[in-house]
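Enquirer: Below you will find the structure I want to go over with you.
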Amino acid sequence: MRANHVRRRLAAGEASIGTWLALPSPEAAEYVSRLGFDWLVVDSEHNAIDIRTLAQMFGAMGRTVTAPMVRIPWNDPQNFKRVLDAGAWGVVVPMVNSREEAERAVEATRYQPLGGRSVGGGRHALSFATTAAEYYAHANDEVLLVLQIEHIDGVEHADEIFSVPGVDACFIGPNDLGASMGIGLGVPLECDHPRMIEAIAHIREKAKKHGVAPGIHCSSADAVNQFLQEGFQFCAMASVLRYLLAGLSADIDKLNWEASLPHQIEEAGHGEIVRY
């Protein structure tokens, strides 16, 4: 059975870097998985990605050394069951704000005796290049559970949340966290607001106290480097969609070209050109 290198690195106190996949595309997953990231998280919370496409994206990543992971839509047992049986090596759980919610996530992720995950399926074993019997015997040691702290309630209950056995890592969602604190929607991912700095430090210290690897979503490689220096381990570098749009936008602006397209769009009533 393939070992989950991400879980081992985090448990050893090492850094593990990845990015977000927002497009329902096995081809994109395959290309990006060959760039050298430790892991890729398919974001099924905020994007139109169905379970079959998700399984195909995991399959495309399975031919590389990049760990296939997923952010589920909500902390509900059926979401865990479907993505884990589809072959996820790890699950990122949004908006965990209490010890009870953390316990619910562990219960859905782990087989007996550590949890109550239902036994069935077959693609999970293929994802780990093993048999079903071996998968059932070792899944509790390989599947990574990451809880998102992205609300002020989660910050205030961080100590209780991270004390739950079976939680491997946490992941700060800066935008939702800032919004819950009244700082405003769309807070920059640099997280330089004084209250954000305080909340982020609090989460990091409480996570380390309980042996949980602290993580955070970052806007760039520079931001990743900054948070690594501050002791974070599980860091996401923006998203593939953001890099796609930003790269194209930057080169379009360099063209020596009098484009008629913006005028056509405005005349047709389709809005303005957007730069990312």
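Enquirer: Can you pull out the GluC sites (Glu not before Pro) in the stretch 159-248 whose DSSP state is coil and whose Cβ has at most 14 other Cβ atoms within 10 Å? Before the final figure, lay out each step's value.
Expert: Values: sites: Glu160, Glu190, Glu198, Glu205, Glu230; in loops: Glu190, Glu230.
Those that pass, being in a loop and sparsely packed, are Glu190, Glu230.
Enquirer: With a 10 Å cut-off between alpha carbons and a GNM built on the chain, which of Glu45, Glu30, Glu134 moves the most?
Expert: Result for the chain, Cα springs under 10 Å: Glu134 fluctuates most.
Enquirer: Right, something else. When ranked by the protection proxy of mean other Cβ atoms within 10 Å per residue, highest first, what sequence do the peptides 18-28, 246-256 form?
Expert: Working: 18-28: 19.5, 246-256: 10.0.
Averaged packing, sorted descending, gives the order 18-28, 246-256.
Enquirer: Let me ask something additional. Can you check what the net charge comes to around Ala60, using other residues whose Cβ is under 15 Å from the Cβ of Ala60 (Lys, Arg +1; Asp, Glu -1)? Could you put the intermediate results ahead of the total?
Expert: Working: positive: Arg34, Arg52, Arg63, Arg123; negative: Glu27, Glu30.
Net charge in that neighbourhood comes out at +2.
Enquirer: Next question, about the same structure. With a ≥ b ≥ c the root eigenvalues of the C-alpha gyration tensor of the stretch 70-154, is it rounded (a/c under 1.5), prolate (a/b larger than b/c) or oblate?
Expert: Because a/c hits 1.5 or more and a/b exceeds b/c, the stretch 70-154 counts as prolate.
Enquirer: Here is a follow-up. Run the dipole for the chain about the Cα centre, Lys and Arg Cβ at +1, Asp and Glu Cβ at -1, nothing else charged, and hand back the magnitude in debye, nearest 20. Provide the component values of the computation, followed by the final result.
Expert: Numbers: 23 positive and 35 negative charges, 213 e Å.
Charge dipole of the chain: 1020 debye, to the nearest 20.
Enquirer: Could you tally the net charge around Asp38, taking each other residue with its Cβ under 12 Å from the Cβ of Asp38, Lys/Arg +1 and Asp/Glu -1? Intermediate results must be reported in sequence, preceding the final value.
Expert: Details: positive: Arg7, Arg8, Arg9; negative: Glu14.
Value of the local net charge: +2.
Enquirer: Quick one: net charge of Arg8's neighbours, Cβ under 11 Å, K/R +1, D/E -1? Spell out each step's value before the answer.
Expert: On the way: positive: Arg7, Arg9; negative: Glu14, Asp38, Asp141, Glu142, Asp168.
The answer is -3.
Enquirer: Hey, if you put +1 on the Cβ of every Lys and Arg and -1 on every Asp and Glu Cβ in the chain, which of Ala139, Trp39, Leu10 ends up farthest toward the positive end of that dipole?
Expert: Ala139
Enquirer: To continue, here is another question. Taking the Cα centre of the stretch 167-223 as the origin and placing charges on Cβ (Lys, Arg +1; Asp, Glu -1), which of Gly211, Ser180, Met196 is farthest toward the positive end of the dipole?
Expert: Gly211
Enquirer: Could you tell me the convex hull volume per residue, in Å³, taken over the Cα atoms of the stretch 15-117?
Expert: On the way: hull volume 10.7 nm³, N = 103.
Taking only Cα atoms, the stretch 15-117 has a hull volume of 104 Å³ per residue.
Enquirer: Could you state the per residue volume, in Å³, of the convex hull enclosing the Cα atoms of the stretch 126-265?
Expert: Expressed per residue, the convex hull around the Cα atoms of the stretch 126-265 is 185 Å³.
Rule-based calculations on the coordinates, nothing more; no lab input. As the structure is a computational prediction, the values presented were derived from the model and not from experiment. As a convention, Cβ positions derive from the backbone with ideal geometry for all residues, glycine included, and neighbour counts pool all protein chains shown.
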